[in-house]
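Only one structure is covered here, and it is reproduced in the block below.
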Amino acid sequence: MTYALHHLEDNAKAEFIKKTLGYLEEGGAIIIGDIAFETPEAQGVCLVSSGDDWDDEEFYIVWLDFAQRLEGFCHVEYKQVSHCGGVLIVRKK
């Protein structure tokens, strides 16, 4: 899945991921690429550098905050792949 979750608020993102886990086969994974940041500070830097291109109506993932919403439900790896893009790899617990 790419560039879809940023349209959902964080609680809705977490619920979507939790529900989707039920569709995974043994050893399967959900791979999500989206606009994402490891820290709030990294998001702030991108916001400032984006100027008028920043979309205030979207809900970008900040990994350090979002990870807590998935804790205990699944295994998640996060990789920052650019200044504004990240990949989440989600597996059943």
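The values are calculated or read from the model by the stated rules, or taken from the named source; none is laboratory data. As the structure is a computational prediction, the values presented were derived from the model and not from experiment. Positions of Cβ are generated from backbone atoms using ideal geometry, with glycine treated the same way; all protein chains shown enter the neighbour counts.
Given the residues 65, 10, 52, which is the only one that is crowded, with 16+ Cβ neighbours inside 10 Å and of a type in the set (Asp, Glu)?
From the options 65, 10, 52, the qualifying one is 10.
Looking only at segment 50-76, count how many residues are more than 13 Å from the chain's Cα centre (by Cα) and of a type in the set (Phe, Trp, Tyr).
2
Looking at 24, 47, which is the one that is of a type in the set (A, V, I, L, M, F, W, C), over 11 Å from the mean Cα position of the chain (by Cα) and not in a helix (DSSP H, G or I)?
24
Pairs please, first residue from segment 36-55 and under 22 Å from residue 2 (Cβ atoms), second anywhere and among the acidic types (Asp, Glu) and at pLDDT below 95, Cβ atoms under 8 Å, 6+ apart in sequence or on different chains.
Correct list of pairs: empty, since none qualify.
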